[in-house]
Amino acid sequence: MYQYDQYDQAMVDARVDEFRGQVLRRLSGELTEDQFKPLRLKNGLYLQLHAYMLRVAIPYGTLNGRQMRLLGDIADKYDRGYGHFTTRQNIQYNWIKLDDTPDILAELATVEMHAIQTSGNCIRNISSDHMAGAAADELVDPRPYAELLRQWSTFHPEFDYLPRKFKIAVIASDTDRAAMRLHDIGIQIVKNDAGEIGAKFHVGGGMGRTPMIGPMIREFVPALQMVSYAEACLRVYNRYGRRDNKYKARIKILVHEIGADEYRRQVEEEFAHILTLGLEPPQAEFDRIAAFFADPGLESGVLDKVDRSDPDFALWLDQNTAPHKQPGYAVVVISLKPTGGIPGDATADQIRLMAELSTAYSLDELRVTHTQNIVLPHVKKADLYTVWQKLDAAGLGSANLDLISDIIACPGLDYCSLANARSIPLAQKISQRFADMDRQRDLGELKLKISGCINACGHHHAGHIGILGVDKRGIENFQLSFGGSEAADTSLADITGPGFSEDGVVDALEKATNVYLAQRAEGERFLDTYRRIGMAPFKEAIYG
Amino acid sequence: MGETLLRYREDAVTGAPVLSLEDFLASDPMSNGAAAVRITPGEDARALLPHLGRIALIEVTFPAYTDGRGYSSARILREQGYTGELRASGDVLIDQLSHMCRCGFDAFAPAKPIAAGAAAKAVATWPEVYQKTVDGRSPIWAKRHGL
Ligand code: SF4
């Protein structure tokens, strides 16, 4: 894992000092809330419905045991004993007191963490594949590239007041586990015919009220020009992105309106100019960063077998672990979606337990997934049973990864001031309705995603089943959609028709799963059946 | 306007009238003395590139601090070798000064005055910088590798 040197540390420390001064000015009345707002937003501090919310960055979703432990301690000391892991691979605390925030940031800085650029119209925390460094199918570890971009984008002086927020994802395998093409910039690290490593750039993807899949803008940017190319992409956007309408300000609208070809032409022109400026960090800097990720300490000759004699364990094993590139190891996904729970929430004790397990059994590493679960990336197969027992005892043993109860839900009207509807109670109801695990397994992979408003933080457009909360004359109403995907076969979901009440949408959902069960062909997931048979049979069952 | 000029340059302020981009481009390139020109967020800084040699002051306006187009304008001008005064005017707040300096601004005409002492402190916010821009500061990656 990457480790700060004195420079990285100095940047974070300077930020804590600056923010402490700003909070003091606010508390003394020197700054009004209006003046303070843009400053706090630069530090991930939002004012929500009931309290301040602090969003802490977890760069590319990777963290170590010490960092995770502190996240648990902060939940105890400054919040109500829990934290919420987000679809941006970050963590949010929902009940924060303003005067505590400088101390929280100072504590975070002691473990190389911060809340920089987790909000505002700037380049946000960069996301990546939560299986990076462990996945059997990756070309290289994408995180050194993400770290290079993290440093480039941190306090970037030209791009702090973009038309709108800007999200970048970096992956390095054909299996997309990071919804890469639904980002403002989606980068896939690839190898060209000459065997060189470089970056394939997609620009202009996104969710929100106008979801779009990012078109490919450049097939291959040499690795040592990636920062310059990103700089060119951003400069064109900063200069020409729309600023007249907040809802048309994301880069996807610019790319859509002028067309991918014209956008590409402008970027290439800017890129040619930028290459003359020598802005790119040298190979030696990339090598320095990459060395931190090279070998987390995997052993060879490790026993490559698991004892499956405990049937409950075997179910979890099959559902919640994935192959590791190193024989004898597995990737464990810890579900934060127990039946009736709040998706993505974990208590301070649970967070600390996951920290301990990472230190003891996963080479001190954890990942946050954009599906709001936690990964232990490097667990020896021989340790899986012990890990599962400890997780299960702490309420973290749900064997439901990628099943219907592994729901993504945004905070919704329980916290968020923009919300139309409550996402969390709906997610709880759905997981209770489908609590029978045999039934869930029979339904198979089914990605259900809920957003409390059109901003789509819950990625509903990309759900095999998506649910969107809308406000219908003051009454919460839910729109249902089918057929989205954020994987390599990225697609956007289609709306079924008129919306439903909270209970009504659960019923409709159940009817839709029945259509699937009746119509599926051998080996088909819900998504596949939907793509084959189309909306009509589902519509008939739901509205008929 | 209650503006006070914060200026980080040694030379004297030009006495030339500040022209709009349109008026400047229509003016006689052979006329005596260096010119001053104002560009707004939607105007293309690159339109000035053929004329940089005869410009003493470019004022880049910020009608709202949230409109960051002027940062790109400033960098583009400096990247192309402009050495005259580059002034940010309008909704320029103390918290933006350090980034503006990094993009090449060396003078500020904030609509709401900023005290010189506070401004100097704000400009020095960052002990180190990650990016190479046009301010001549050595980025962290260069320091790491003795470049
Ligand atoms: S989707 Fe809407 S309701 Fe949900 S968190 Fe985002 S802004 Fe809030």
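The values are calculated or read from the model by the stated rules, or taken from the named source; none is laboratory data. Because the structure is predicted, anything quoted here is derived from the model rather than measured. Methodologically, a virtual Cβ is constructed for each residue, glycine included, from the backbone with ideal geometry; neighbour enumeration extends over all protein chains shown. Heads up: the accessible areas ignore ligands, DNA and RNA and are worked out on the full protein's heavy atoms, side chains in. Shrake-Rupley method; radii C 1.70, N 1.55, O 1.52, S 1.80 Å.
Checking the range A:30-46 against the condition returns a match, with at least one residue being of a type outside the set (Lys, Arg), assigned to a strand (DSSP E or B) and over 27 Å from residue A:292 (Cβ atoms). Only one of the numbered conditions (1) away from chain B (no Cβ under 14 Å); (2) assigned to a helix (DSSP H, G or I); (3) farther than 16 Å from residue A:402 by Cα; (4) open to solvent by less than 50 Å² (accessible area, probe 1.4 Å) is not met by residue A:316, and that is (3).
You will find that of A:532, A:525, A:520, the residue that is among the basic types (Lys, Arg) and more than 22 Å from residue A:405 (Cβ to Cβ) is A:532 and no other. Among the residues of this structure, residue A:444 counts as one that is modelled with pLDDT of 95 or more and either in contact with a helix residue (DSSP H, G or I) (Cβ under 9 Å, 6 or more places away or on another chain) or within 9 Å of the ligand (Cβ to nearest atom) (or both). Give me a count of the residues in the range A:279-295 that are away from every other protein chain (no Cβ under 14 Å) and open to solvent by less than 50 Å² (accessible area, probe 1.4 Å). The total comes to 1. Would you confirm whether or not the range B:59-76 contains a residue that is among the hydroxyl-bearing types (Ser, Thr, Tyr) and more than 10 Å from chain A (Cβ to nearest Cβ)? Within the range B:59-76, one or more residues are among the hydroxyl-bearing types (Ser, Thr, Tyr) and more than 10 Å from chain A (Cβ to nearest Cβ). Looking at the range A:264-278, can you tell me whether even one residue there is open to solvent by 20 Å² or more (accessible area, probe 1.4 Å), within 30 Å of residue B:136 (Cβ to Cβ) and β-branched (Val, Ile, Thr)? There is at least one residue in the range A:264-278 that is open to solvent by 20 Å² or more (accessible area, probe 1.4 Å), within 30 Å of residue B:136 (Cβ to Cβ) and β-branched (Val, Ile, Thr). If the condition is being at the interface with chain A (Cβ under 7 Å from one of its Cβ atoms) and open to solvent by 50 Å² or more (accessible area, probe 1.4 Å), then the range B:88-142 contributes B:95, B:127, B:132. Does residue A:506 fit the bill of being surrounded by fewer than 22 Cβ atoms within 10 Å (Cβ to Cβ) and touching a Lys or Arg at 6+ places or on another chain (Cβ under 8 Å)? Taking the combined requirement at face value, the residue satisfies it.
Checking each residue in the range A:473-493 for being surrounded by fewer than 17 Cβ atoms within 10 Å (Cβ to Cβ) and of a type outside the set (Gly, Ala, Ser) picks out A:473, A:475, A:489. Annotation: residue A:388 fulfils all but one of (1) within 16 Å of the ligand (Cβ to nearest atom); (2) in a helix (DSSP H, G or I); the unmet one is (1). One residue alone among B:17, B:50, B:41, B:63 is crowded, with 18+ Cβ neighbours inside 10 Å and not hydrophobic (A, V, I, L, M, F, W, C), and that residue is B:41. Evaluating residue A:332 against the criteria (1) under 28 Å from the mean Cα position of the chain (by Cα); (2) surrounded by fewer than 19 Cβ atoms within 10 Å (Cβ to Cβ) leaves one unmet condition, (2). Here residue A:417 meets each of (1) within 9 Å of the ligand (Cβ to nearest atom); (2) over 21 Å from residue A:212 (Cβ atoms); (3) buried (at least 20 other Cβ atoms within 10 Å of the Cβ) with one exception, condition (3).
Regarding residue A:389, is this residue over 25 Å from residue A:454 (Cα atoms) and not aromatic (Phe, Trp, Tyr)? Judged against the criteria, residue A:389 is a match. Determine whether the range B:84-104 contains at least one residue that is farther than 20 Å from residue B:122 by Cβ and charged (D, E, K, R). Within the range B:84-104, none of the residues are farther than 20 Å from residue B:122 by Cβ and charged (D, E, K, R).
The condition (being assigned to a helix (DSSP H, G or I) and in contact (Cβ under 8 Å) with a residue 12 or more places away in the chain) is satisfied by just one residue among A:25, A:66, A:80: A:66.
Of the residues in the range A:369-414, how many are under 24 Å from residue A:303 (Cα atoms), under 21 Å from the mean Cα position of the chain (by Cα) and either open to solvent by 40 Å² or more (accessible area, probe 1.4 Å) or in the same structural domain as residue A:451 (by TED's automatic domain parsing) (or both)? Of the residues in the range A:369-414, 0 are under 24 Å from residue A:303 (Cα atoms), under 21 Å from the mean Cα position of the chain (by Cα) and either open to solvent by 40 Å² or more (accessible area, probe 1.4 Å) or in the same structural domain as residue A:451 (by TED's automatic domain parsing) (or both). Scan the range A:398-414 for residues that are assigned to a strand (DSSP E or B) and away from the ligand (no atom under 16 Å from the Cβ) and the total you get is 0.
Against the criterion of being assigned by TED's automatic domain parsing to the domain that holds residue A:234 and part of a loop (DSSP other than H, G, I, E, B), residue A:118 does not qualify.
Inside the range A:136-154, residues that are at pLDDT below 95 and open to solvent by less than 20 Å² (accessible area, probe 1.4 Å) make up a count of 0.
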